[in-house]
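A quick write-up on the structure given underneath.
Nothing in this text is a laboratory measurement; each read-out follows from the coordinates by a stated rule. If you're wondering where the values come from, they're calculated on a predicted model, not measured in any experiment. Cβ coordinates were reconstructed from backbone atoms using ideal geometry, including for glycine residues, and neighbour counts include every protein chain displayed.
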Amino acid sequence: MIQIYTGDGKGKTTAGVGLAIRAVGAKKRVLFMQFMKGMHSSEIAVLQSLGIEVDREWDGRFIVDAPSQEQKAMVQRQYQRAKEALQKGYDLIVLDEIIVAMHFKLLYEEEIIDLMQQAQCELVLTGRGATKRLIEIADLVTEMKKIKHYFDTGVAAREGFEF
């Protein structure tokens, strides 16, 4: 099955983390890949302590106007590792923020569709802006909708809650 968690609301990564924890609790083999996430994110230590394999590669910088060549190369390397991982017998692969990588033109929609079509395991994609084609291919799509968010009042991201 292929699951997508998208939308402008909070909780997309959290949904992927929760599924990863549930799967490893059921003795499943899990890979959690984070695309375009900063260098520090509090859930990583917990996932690793539970035996979940984590793959991250990002320079920690936000994309302001356009991604750097280095950022493009990082995402392409990680995409190749995701393709390889599909052949390695995982029960669950979470591709956190892969949809955002597409939004920034670091990946093409066709590349993500290729991953979806090759998946022989539970595959989870997260990130704002899932396209109609991705939604059509997926088996489950949840849109997180922002009703109200404290970021809008100037509250900064807090360790342990947003990262």
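Enumerate the amide H contacts of residue 141 below 5 Å, restricted to partners 5 or more residues apart or on another chain; note that Pro and chain-start residues carry no placed amide H.
Hits under the 5 Å cutoff: 4.
Need one number: nm distance between label points at residue 77 and residue 135, each 7 Å from Cα along Cα→Cβ, rounded to one decimal.
That separation, rounded to one decimal, is 3.5 nm.
Using alpha-carbon positions, what is the distance between the centroids of segment 87-163 and segment 4-37, in Å?
9 Å
Tell me the volume per residue, in Å³, of the convex hull enclosing the alpha carbons of segment 46-92.
Values: hull volume 4.5 nm³, N = 47.
Roughly 95 Å³ of hull volume per residue.
Karplus couplings for segment 96-109 from phi (6.51 cos²θ - 1.76 cosθ + 1.60, θ = phi - 60°), rounded to Hz, Gly and Pro as x?
For segment 96-109, the Karplus curve yields 6, 6, 5, 5, 5, 4, 5, 4, 8, 6, 8, 9, 8, 3 Hz.
Per DSSP H run of at least 4 residues, take -39500 (n - 2.57); add these up for the chain, divide by its residues and hand me the 222 nm value, nearest 500 deg cm²/dmol. Before the final figure, lay out each step's value.
Numbers: 6 runs with 60 residues, N = 163.
It comes out at -11000 deg cm²/dmol, rounded to the nearest 500.
5 Å is the cut-off here: which amide hydrogens, built 1.01 Å from N in the peptide plane, fall below it relative to residue 9, excluding neighbours closer than 5 in sequence?
The list, which skips near neighbours in sequence, is 144, 145, 146.
How big is segment 2-153 by the Kirkwood estimate over distinct Cα pairs, in Å? The partial results should precede the final answer.
Details: mean 1/r = 0.0639 Å⁻¹.
Hydrodynamic radius (Kirkwood, Cα pairs) of segment 2-153 is 15.7 Å.
For segment 1-90, state the semi-axes of the equivalent ellipsoid (square roots of 5 times the eigenvalues of the alpha-carbon gyration tensor), sorted largest first and rounded to whole angstrom.
Working: eigenvalues 110, 52, 35 Å².
Values for segment 1-90, descending: 23, 16, 13 Å.
Under the classification rounded if a/c is under 1.5, otherwise prolate if a/b is larger than b/c and oblate if not, where does segment 88-163 fall, given a ≥ b ≥ c as square roots of the Cα gyration tensor eigenvalues?
Details: a/c = 2.16, a/b = 1.79, b/c = 1.21.
The shape class here is prolate.
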